[in-house]
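Trainee: I'd like to ask some things about the structure below.
Please treat every number below as a calculation from the coordinates, not as lab data. What you see is a predicted model, and the numbers here were worked out from it, not measured in a lab. Here the Cβ is made from the backbone with ideal geometry for all residues, glycine too, and neighbour counts use every protein chain on show.
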There are 4 protein chains.
Amino acid sequence: MSGIAELTERVRTFAQDRNWEQFHTPKNLAMALAGEVGELLAELQWLTPEQSAAVMQDEELGPRVRAELGDVTIYLVRLADVLGIDLVEAAFDKLADSGRRYTVEAAHSSARKLTAE
Amino acid sequence: MSGIAELTERVRTFAQDRNWEQFHTPKNLAMALAGEVGELLAELQWLTPEQSAAVMQDEELGPRVRAELGDVTIYLVRLADVLGIDLVEAAFDKLADSGRRYTVEAAHSSARKLTAE
Amino acid sequence: MSGIAELTERVRTFAQDRNWEQFHTPKNLAMALAGEVGELLAELQWLTPEQSAAVMQDEELGPRVRAELGDVTIYLVRLADVLGIDLVEAAFDKLADSGRRYTVEAAHSSARKLTAE
Amino acid sequence: MSGIAELTERVRTFAQDRNWEQFHTPKNLAMALAGEVGELLAELQWLTPEQSAAVMQDEELGPRVRAELGDVTIYLVRLADVLGIDLVEAAFDKLADSGRRYTVEAAHSSARKLTAE
């Protein structure tokens, strides 16, 4: 069983055990996901790009960033479960789309292209 | 190879091929992740909870929501790769923490508990 | 002096007094703004639409929502100051645009139109 | 009449004319606000801090950033109207709180203090 399938099942059981399924509409879960991403941003907001690149070496910030990514993953996996979406498949499909839109030649080194995404 | 590991590698190659690694600091990727989550919110914002629960049956909205989840997953996986974090492991660790904080007994049916998270 | 101009000046002084101007790039402030909006979402995420409409009558949640709106306003005003943008003017201009795109006749009662925004 | 009060009234009329009040619960408006902040982040995400500081000099990006700030302001003002909150007052109150928590002496030049916010 892949890691993500096992996680999905464990998060589902976690919610069921607490009778939280009633709160877990896609709308509410998307808000919760955004809230967790907001906490992640808060950890990185005052860092320079260079400091952010070394954040995992920071004894205090590193574990906090890891914990925030854990929270984001939990809500993303739960949202996908509720919607019946396979996240990895959806990502591969989107990546294929992006490959057609941003060919290696055109996109090479271009931040403007990226910004226009 | 698990789905997420393969996806991580494919997204990394995608960025390398386009010489985008220079833009992929944790700070920038966290912003990109938040931007994609914002697009997801935009798809769900005017729906009632009930409409959001049925969104995947909507011919127009369903594929858009799936594509947004794909985008969110791509940036989350890329961010984790750059930080050297195992997403599934981080999520399981956070879930264990939450299990201690929200015991089944105390949290049962309580939205207030959840809100206090 | 209008309320927003006075607030802008006070926030600027607040930052200068603490030597925080070095951290207040548009990029960082946009992240901080998003982080505060994330905290606002967290207060509302498990509420039903009806509960959210009555949130200011809740003794505990009401003041928290107000405080989050205060934080959002502080960072928005600071960001606009750093960018040299007049927020109210920018909003009026955008509203005029939207008025052309969503005429009263076409947009009447239409959530789909809104979703497509 | 202060700029923000006039804007608030104009946004309210805009929504009433289109029969959009039914969609404008605090929950939905907070999501819309977050969606617009996400679009703002998307404009800035690949820029260096220095590029972000000069973004208003960019012919293409400048007007887009201004338009996003306009959108953010519209939804923030609308949300405050629906909740019955005076944004400027709420911000001044929050600023007074922050002044007590971050005294000029303790907070001077400290990013870590800020991060801990």
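Trainee: If you take every residue apart from C:Leu7 with its C-beta less than 10 Å away from the C-beta of C:Leu7, what net charge results, scoring Lys and Arg +1 and Asp and Glu -1?
Mentor: On the way: positive: C:Arg10, C:Arg12, C:Arg78; negative: C:Glu6, C:Glu9, C:Asp81, D:Glu89.
Charge balance in the 10 Å sphere: -1.
Trainee: Let me ask something additional. Once you compute Rg and the Kirkwood Rh from C-alpha atoms, what is the Rg to Rh ratio for the stretch C:46-99? Before the final figure, lay out the partial values.
Mentor: On the way: Rg = 15.4 Å, Rh = 13.4 Å.
Expressed as Rg/Rh, it is 1.14.
Trainee: Short version: what are the Cα gyration tensor semi-axes of the stretch B:4-68, square root of 5 times each eigenvalue, largest first, in whole Å? Don't skip to the end; give the middle numbers.
Mentor: Numbers: eigenvalues 184, 42, 16 Å².
The three semi-axes for the stretch B:4-68 are 30, 14, 9 Å.
Trainee: Only four residue types carry charge here, +1 at the Cβ of Lys and Arg and -1 at the Cβ of Asp and Glu. Report the dipole size of chain D about the Cα centre in Debye, rounded to the nearest 20. Don't skip to the answer; put the middle values down first.
Mentor: Working: 12 positive and 20 negative charges, 85 e Å.
Approximately 400 debye in magnitude.
Trainee: Now a separate question. Can you compute log10 of I(q)/I(0) for the protein assembly as shown with the Debye formula, treating each Cα as one identical point scatterer, at q = 0.07, 0.08, 0.12 Å⁻¹?
Mentor: -0.33, -0.44, -1.07
Trainee: Sequence gap of 8 or more, or different chains, plus Cα separation below 26 Å: how many lysine pairs satisfy both in the protein assembly as shown?
Mentor: Close lysine pairs found across the protein assembly as shown: 26.
Trainee: Could you tell me how many cubic angstrom of Cα convex hull volume chain D has per residue? Before the final figure, lay out the partial values.
Mentor: Numbers: hull volume 18.9 nm³, N = 117.
It is 161 Å³ per residue.
Trainee: Considering only A:Leu41, A:Leu69, A:Trp20, whose Cα is most displaced toward the positive end of the charge dipole of the stretch A:4-92, charges sitting on Cβ of Lys, Arg (+1) and Asp, Glu (-1)?
Mentor: A:Trp20
Trainee: Then there's this: Name the GluC sites (Glu not before Pro) in the stretch D:30-104 that are in a loop by DSSP and that have at most 16 other C-beta atoms within 10 Å, would you?
Mentor: D:Glu59, D:Glu60
Trainee: At a 10 Å Cβ-Cβ cut-off, how would you order C:Leu76, B:Leu44, fewest neighbours first? Don't jump to the answer; show the numbers that get you there.
Mentor: Numbers: C:Leu76 28, B:Leu44 25.
The fewest-first ordering by Cβ neighbours comes to B:Leu44, C:Leu76.
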